[in-house]
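Trainee: Pasting in a structure now, in structure tokens, and then I'll have a few things to ask.
Rule-based calculations on the coordinates, nothing more; no lab input. On a predicted model such as this, the values are computed, not experimentally measured, just so you know. Virtual Cβ from ideal backbone geometry, glycine too; neighbours counted across all protein chains shown.
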Amino acid sequence: MGLTRRSFFLSVAALGSASVTGTTRREPETEVNVKIWFTEQAANYDVWETLRGHVERAFDPAREGVVVEHGGTVDASSENAYELVTGGEWPTMLAQGSVGGPTAPADDVNLLVTARSMHEFPTGAGIPHVAAVGGAEALADLPPVEDCPEVTGWSNSAYALQVLLHECGHALGLDHEDGYMEPVGEHLVVSPMVSGYPWESKDVREEQFDTDRGTCGCQFVRPDGRDPRLMLTFAECERERIAAYDGGYAPW
Ligand SMILES: [Zn+2]
């Protein structure tokens, strides 16, 4: 999931510390604008209306500080979301305005959902303003947001949603250490930027998740037999970092 962009994240970290002094912090009413697009295959699944509610809640449980819009259907060359971002196809389509339809890219996050299975890795990627993720079939199984707790046990649909949010977080400048986790009894509650990393192999963790403490101060622990509980909203600390992100440069 995602890319290692050390220098970029260092600059974001600098912004974050500046925000503590109040100099770069956005006003609370500042909206995050997320536009969700679908490949032609992903558009065959009935995802949009339910997903919109979940993404709104994830960014702002009060549903006021976020606007989630439908971008359109995209004629992509594959369903491999990771490749579509890292190989440049999806960012290029956005930058060239060749995504089709009447809508322009969103200022903050342009997320492309594909029909690739979440069992095929990597599942997605996010770079500034641009993200893509698989899992359309799993996302179609999400219950309506009103019927879905904010923290839930592992399921294909909940995992797909959490990874989708994870890639949106990368598109907004967040890294894995900006995530949050908390052991609660037999469970380890994980926020979207942490997601499944605590359960990954040592090699994967060393490459992608090499920290003992989150930037918000929480201890990053090993699962030690605990089962995942997935937060389907961004943790407060993640939301603060999203609010502090000044957007950087968007090529449109
Ligand atoms: Zn990631």
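Trainee: Quick one: 3J(HN,Hα) in Hz for region 109-119, Karplus 6.51/-1.76/1.60 with θ = phi - 60°, rounded, Gly and Pro as x.
Mentor: In residue order, the calculated couplings are 10, 10, 9, 9, 9, 10, 9, 5, 5, 6, 7 Hz.
Trainee: If you don't mind, there's one more thing I want to ask. Just 43, 171, 58 to compare: in a GNM of the chain, with alpha carbon springs under 10 Å, which one fluctuates most?
Mentor: The residue with the greatest mean-square fluctuation here is 43.
Trainee: Going by average Cβ neighbours within 10 Å, how do the peptides 112-120, 212-220 rank, with the highest at the top? Don't skip to the answer; put the middle values down first.
Mentor: Working: 112-120: 20.8, 212-220: 14.8.
The densest-packed peptide leads the list: 112-120, 212-220.
Trainee: Which residue fluctuates most in the GNM of the chain (Cα springs below 10 Å): 151, 66, 184?
Mentor: Result: 184 has the largest fluctuation of those listed.
Trainee: Name the residue farthest towards the positive end of the dipole of the chain from the options 215, 153, 201, assuming +1 on Cβ of Lys and Arg, -1 on Cβ of Asp and Glu, about the Cα centre.
Mentor: Ranked along the dipole, the leading option is 215.
Trainee: So, in Å, what gap is there between the alpha-carbon centers of region 211-246 and region 117-146?
Mentor: Distance between centres, Cα-based: 19 Å.
Trainee: Could you give me the ³J(HN,Hα) list for region 161-168, computed from phi with Karplus coefficients 6.51, -1.76, 1.60 and θ = phi - 60°, whole Hz, x at Gly and Pro?
Mentor: 5, 5, 5, 4, 5, 4, 6, 4
Trainee: Another question, if that's okay. What ranking, highest mean first, results for peptides 197-206, 84-93 when packing means the other Cβ atoms within 10 Å averaged over each residue? Let's see the in-between values first.
Mentor: Numbers: 197-206: 13.2, 84-93: 19.9.
Ranked by mean Cβ neighbours within 10 Å, highest first: 84-93, 197-206.
Trainee: Tabulate in residue order the Karplus-calculated ³J(HN,Hα) for region 181-190, using 6.51 cos²θ - 1.76 cosθ + 1.60 with θ = phi - 60°, rounded to whole Hz; enter x for Gly and Pro.
Mentor: 9, 8, x, 10, x, 7, 10, 10, 7, 10
Trainee: Considering amide H positions built from the backbone, and no H for Pro or chain starts, which residues 5 or more places from residue 229, or on another chain, come under 5 Å of its amide H?
Mentor: Hits under the 5 Å cutoff: 188, 189, 190.
Trainee: Can you list, by residue number, the Cys in the chain that have no neighbouring cysteine C-beta under 4.7 Å?
Mentor: For the chain, the answer is 148, 168, 218, because their Cβ atoms have no other cysteine Cβ under 4.7 Å.
Trainee: Please compute the Kirkwood hydrodynamic radius of region 30-244 from all pairs of different C-alpha atoms, in Å with one decimal.
Mentor: Working: mean 1/r = 0.0584 Å⁻¹.
When all Cα pairs of region 30-244 are included, the Kirkwood radius is 17.1 Å.
Trainee: So, counting K/R as plus one and D/E as minus one, what does the shell of residues with Cβ under 11 Å around residue 214 add up to? Provide the component values of the computation, followed by the final result.
Mentor: Values: positive: 213, 241; negative: 175, 177, 178, 182, 212, 238.
Charge balance near residue 214 sits at -4.
Trainee: Can you give me the long-range amide H partners of residue 67? Hydrogens built in the peptide plane at 1.01 Å from N, cutoff under 5 Å, separation of 5 or more residues or another chain.
Mentor: Counting only residues 5 or more places away or on other chains, the set is 32, 33, 34.
Trainee: Hey, can you grab everything whose amide H is under 5 Å from the amide H of residue 112? Only 5+ residues off in sequence or another chain; H modelled, so Pro and N-termini drop out.
Mentor: Those lying under 5 Å, H to H, from residue 112 are 37, 131, 132, 133.
Trainee: A further question on this structure: Using a simple charge model, +1 on the beta-carbon of Lys and Arg, -1 on the beta-carbon of Asp and Glu, nothing else, what dipole does region 30-244 show about its Cα centre, in debye to the nearest 20? Don't skip to the answer; put the middle values down first.
Mentor: Working: 13 positive and 37 negative charges, 14 e Å.
Its charge dipole is roughly 60 debye.
Trainee: For the chain, what proportion of DSSP beta bridges, expressed in % and rounded to the nearest 5, is antiparallel?
Mentor: Values: 12 of 33 bridges.
Rounded to the nearest five, the antiparallel share is 35 percent.
Trainee: For region 115-252, what is the percent of antiparallel DSSP beta bridges, rounded to the nearest 5?
Mentor: Details: 12 of 16 bridges.
Among the beta bridges of region 115-252, antiparallel pairing accounts for roughly 75 percent.
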